[in-house]
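A.B. asks: Shown below is the structure under consideration.
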Amino acid sequence: MIMSTGGTGFLSLEQRAEVVTEHRDGAAPKPALWRSLVGNVSVRETAATVIVVVLLIFAMDVASWYVPDYIMPSPVAVLQAILRLADTDYTHVFITLTRLGVALAFSLVAGVLLGLVMGISPLLRPFIRALVIIDTGIPALSWILLAVFWFKNPETRIFFILIMILVPFYTLSVYDGIRALPKDWIDMIESFRPSQSQTLRYLIMPHIVPYILMTTKSVIGYATRMVIFAELVASAVGVGSRMGLAQSTFHIDEVLAWTFFLIVLNIALQLLVTGVEKLALSWRPKAEVR
């Protein structure tokens, strides 16, 4: 491929980035998202999961023979509860998923911005780092109780609780990613005398993408548990509030049905994030330790 050098004999930083991108696309085409999702499913792990689920169902069935239904219902009763809730309470599922998605998206953007400021601004770094460290030391229960006192709107309460818990994860991860930049890469890009925006675009942002995806995979299960806990305490709608209602009315079959739903939801979200990670980082060679 012949590229114009503008008469200077040298390629600009943007032109070099385009050459690298075109070469990368031609050498290893990105897989489709559905193919990445299917590729993440291991036959051995799937078989092991099925065996564990069958054993757990069998244990539930045996336990239900010897204890009352309000302690351990039979698997058939739990299945009937799942079908009943799927027909009547799907709006609560939608509300919970919306709260989770909005809070995760906001926490990702805010956490990445704070991490970038920490990484490139020596002046602001100690102040932001101190705020993040203090935030990570505050228990989730304290944020929940404070949100109940401070905010009247349930949506504001849950949003506040989730972002106060999730933002530090992204901030510290991005900051660690910037600190892990190889010195050779920094010296190489500085030899082109780039602007700060070019350094951010061509060096820092591609480098921290794996850190952002890894953090999302790590916190998504924790975020799901926290949104359920927050709904249990601070809201009258959502999966958490429905689990609280089922507990107060001694419908343990519904509690187990919601628990089953949350397990499936967590597995689906993990597969989705892993598929996006595989798609976004398809250019990166897979390292194997022998």
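A.B. asks: Could you state the principal axis extents of the C-alpha atoms in the range 116-223, from the largest down, to the nearest angstrom?
C.D. replies: Ordered largest first, the range 116-223 gives principal extents of 54, 29, 22 Å.
A.B. asks: How far, in nm, would the chain grow between I263 and A180 when pulled straight, counting 0.36 nm per residue and subtracting the alpha carbon separation?
C.D. replies: Working: separation 83, 0.36 × 83 = 29.88 nm, distance 3.42 nm.
Working it through step by step, the gained length comes to 26.5 nm.
A.B. asks: Quick check: net charge around A230, other residues with Cβ under 14 Å of its Cβ, Lys/Arg +1 and Asp/Glu -1?
C.D. replies: Around A230, the charge tally is +2.
A.B. asks: Normalised radius of gyration for the range 163-290, please: alpha carbon Rg relative to 2.2 N^0.38 Å, two decimal places.
C.D. replies: Values: Rg = 20.7 Å, N = 128, 2.2 N^0.38 = 13.9 Å.
So the range 163-290 has a normalised radius of gyration of 1.49.
A.B. asks: Suppose R0 equals 41 Å; then what is the FRET efficiency for A105 and Q247 from their Cβ-Cβ distance, rounded to the nearest 0.05?
C.D. replies: FRET efficiency, A105 to Q247: 0.85.
A.B. asks: For S282 and L123, FRET efficiency with R0 = 35 Å and r from the beta-carbon atoms, rounded to 0.05? Can you show the working numbers first?
C.D. replies: Numbers: r = 38 Å, r/R0 = 1.08.
The formula returns an efficiency of 0.40 here.
A.B. asks: In addition: Simple spin-label model, 7 Å along Cα-to-Cβ: T49 to R193 in nm?
C.D. replies: About 5.5 nm separates the two model spin labels.
A.B. asks: Go through the range 67-122 and name the chymotrypsin sites (Phe, Trp or Tyr not before Pro) that are in a DSSP coil and have 14 or fewer other Cβ atoms within 10 Å of their Cβ. Show your work: numbers first, answer last.
C.D. replies: Values: sites: Y70, Y90, F94, F106; in loops: Y70.
Those that pass, being in a loop and sparsely packed, are Y70.
A.B. asks: Now, a different point. Once phi is turned into θ = phi - 60°, what whole-Hz ³J(HN,Hα) does the Karplus curve with 6.51, -1.76 and 1.60 give for every residue of the range 202-219, x standing for Gly and Pro?
C.D. replies: Those phi angles translate into 9, 10, 6, 4, x, 6, 8, 4, x, 5, 5, 5, 4, 5, 4, 4, 6, 9 Hz.
A.B. asks: Tell me, what is the per residue accessible area of the range 169-290 in Å², probe radius 1.4 Å? Please list the in-between numbers first.
C.D. replies: Working: 6960 Å² over 122 residues.
Per-residue accessible area for the range 169-290 comes out at 57 Å².
A.B. asks: Taking only the alpha-carbon atoms of the range 101-161, what semi-axes of the equivalent ellipsoid follow from 5 times the gyration tensor eigenvalues under a square root, in whole Å, largest first? Could the numbers behind the result be given before it?
C.D. replies: Details: eigenvalues 128, 44, 14 Å².
For the range 101-161, the ellipsoid semi-axes come out as 25, 15, 8 Å.
A.B. asks: With a 1.4 Å probe and all protein chains left in place, how much of the accessible area of the range 186-290 comes from carbon and sulfur atoms, in whole percent? The partial results should precede the final answer.
C.D. replies: Details: 3900 of 6030 Å².
With neighbouring chains kept in place, the figure for the range 186-290 is 65 percent.
A.B. asks: The range 223-274: Rg/Rh from Cα coordinates, Kirkwood Rh? If you can, show how the numbers build up before the last one.
C.D. replies: Working: Rg = 11.7 Å, Rh = 11.4 Å.
Reported Rg/Rh (Cα atoms, Kirkwood Rh): 1.03.
A.B. asks: Please report, for the Cα atoms of the range 52-159, the Rg to one decimal and the Dmax as a whole number; what are they, in angstrom?
C.D. replies: Rg then Dmax for the range 52-159, in Å: 22.1, 66.
The values are calculated or read from the model by the stated rules, or taken from the named source; none is laboratory data. If you're wondering where the values come from, they're calculated on a predicted model, not measured in any experiment. For neighbour counting, all protein chains shown are included, and Cβ atoms are generated from backbone atoms with ideal geometry for every residue, glycine included. Note: accessible area is taken over every heavy atom of the protein model, side chains too, but ligands, DNA and RNA are not part of it. Shrake-Rupley method; radii C 1.70, N 1.55, O 1.52, S 1.80 Å.
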